[in-house]
1. Run down G294, G324, G334, G264 and say which single residue is surrounded by fewer than 23 Cβ atoms within 10 Å (Cβ to Cβ) and more than 19 Å from E110 (Cα to Cα).
2. Among the residues of the range 144-162, are any in contact with a Gly (Cβ under 9 Å, 6 or more places away or on another chain), over 18 Å from T183 (Cα atoms) and surrounded by fewer than 18 Cβ atoms within 10 Å (Cβ to Cβ)?
3. Please determine, by comparing only the residues of the range 19-73 that are in contact (Cβ under 8 Å) with a residue 40 or more places away in the chain and polar (S, T, N, Q), which one is farthest from I297 (Cα to Cα).
4. When the range 23-41 is examined, which residues are found to be surrounded by fewer than 21 Cβ atoms within 10 Å (Cβ to Cβ) and over 18 Å from the mean Cα position of the chain (by Cα)?
5. Output yes when any residue across the range 101-116 is among the small types (G, A, S) and in a helix (DSSP H, G or I), and no when none is.
6. Can you find, within the range 10-56, the residue that is modelled with the lowest pLDDT among those that are polar (S, T, N, Q) and in a helix (DSSP H, G or I)?
7. Checking the condition exposed (fewer than 14 other Cβ atoms within 10 Å of the Cβ), within 22 Å of the chain's Cα centre (by Cα) and of a type outside the set (S, T, N, Q), which residue from V272, V283, V247 passes?
8. Specify the residue that is surrounded by the fewest Cβ atoms within 10 Å (Cβ to Cβ); the eligible residues are those in the range 163-189 that are of a type in the set (G, A, S) and farther than 19 Å from F306 by Cα.
Amino acid sequence: MYKTWWQKIDYLLLIVMLILLAYGLIIVYSANGQEAGPGSEVRRQLLYIFIGIVLMVVFASIDYHFLASVELYLYIINLILLLAVLAYGKEALGAQRWISIGSFSFQPSEFAKIFIIISISARLSDENALKFEKLAVTFLYLALPMILILKQPDLGTSLVLVSIFFVMLYIRGWNPFLILGLTAMGLTISPFVLKEYQKKRLFVFVDPGMDPTGAGWNLRQSIIGVGSGKLLGKGLFSGTQTQLRFVPEHSRDFIFTVLCEELGFIGGTFLVTLYFILLFKTVQTAKYSRDLLGTLIATGIAVLFFFHVFVNIGMTMGIMPITGLPLTFMSYGGSSLISNMMAIGLLLNISMRREKFFK
């Protein structure tokens, strides 16, 4: 029995996303001192959500098999955008990651995550994908955009892409000991490729008391904010660490600090529960996909969500190094928000096409 398209939508996935978006808007509003006028972050975030909804519908509507068939074009567009960042990109906070067009700016490396998930999934879904020559080309597929992203520099996104790729390889059936070997090799050479400020972040992670007014300032203020919220928090719009601007990048990288200080352990637990449902639905989509291509795309998205959530929340509490990764659907920022909504569109796409649904 055929089902209409609206009967195939994963409504729980959509509802969780909408709750996360609303939750994020409230915390961004608080982090900015309840400023909601023209040009405020809340107004801009609402615009990004609208754009994200449009692109989510587009990515849900176009059959993911077609997207895989044009993966080379998506990959080339991705490389062009990353090259444009190095040539014409806007620099901020010591990194050159944004392209500006008038008053509008975006971060191509955020969209690169989605394009690379599609491209790598398309290549690994081939029946001969694990043959040496094909796998070597697939490694090259990953290496080229990663090199461009590392030059920005953006270590966090590079680690996300590597994690996605290795988990995809494992799902595809590649030898797990080879994956572990490559991971160990990467950890061994990492001290020689890290920038000086990235090394300082690692030293501060190992010794939080090191350089408390310099490299360790962000971490110390974040831990104070999270801990001071206790069980119920200080109250929405009443966080001292946030409202007095002790916590840096409080509407972006450290938005979880704002949430825990103002809404406490209960508010943080509610957010983690939402993420658990989001990840469960994503893994479920991968498990019940009609084919390997859908499984690989959904797996890549699951790793994308998990890595961002785990690392971002971990760094605010001092259990992960500071990497600058935004918190999924919560942090202020158009590129990250829109790319995550595109990922939700892909999940809906895969879920709706488990079987034919047109009458």
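The values are calculated or read from the model by the stated rules, or taken from the named source; none is laboratory data. Predicted model, so just to flag it, every value in this text is computed and none were measured. Heads up, the Cβs are rebuilt from the backbone with ideal geometry, glycines too, and the neighbour counts pull from every protein chain shown.
1. Every option except G264 fails the conditions.
2. Within the range 144-162 (the criterion being in contact with a Gly (Cβ under 9 Å, 6 or more places away or on another chain), over 18 Å from T183 (Cα atoms) and surrounded by fewer than 18 Cβ atoms within 10 Å (Cβ to Cβ)), the answer is no, since none of the residues qualifies.
3. Checking each candidate, the answer is Q34.
4. I26, Y29, N32, G33, Q34, E35, A36, G37, P38, G39, S40, E41
5. Yes, that holds for at least one residue.
6. Step one: filter the range 10-56 for residues polar (S, T, N, Q), giving 30, 32, 34, 40, 45.
Those left that are additionally in a helix (DSSP H, G or I): 30, 45.
Working: S30: 89, Q45: 93.
Among those residues, the one meeting the criterion is S30.
7. Unique residue meeting the criteria: V272.
8. Here the answer is A184.
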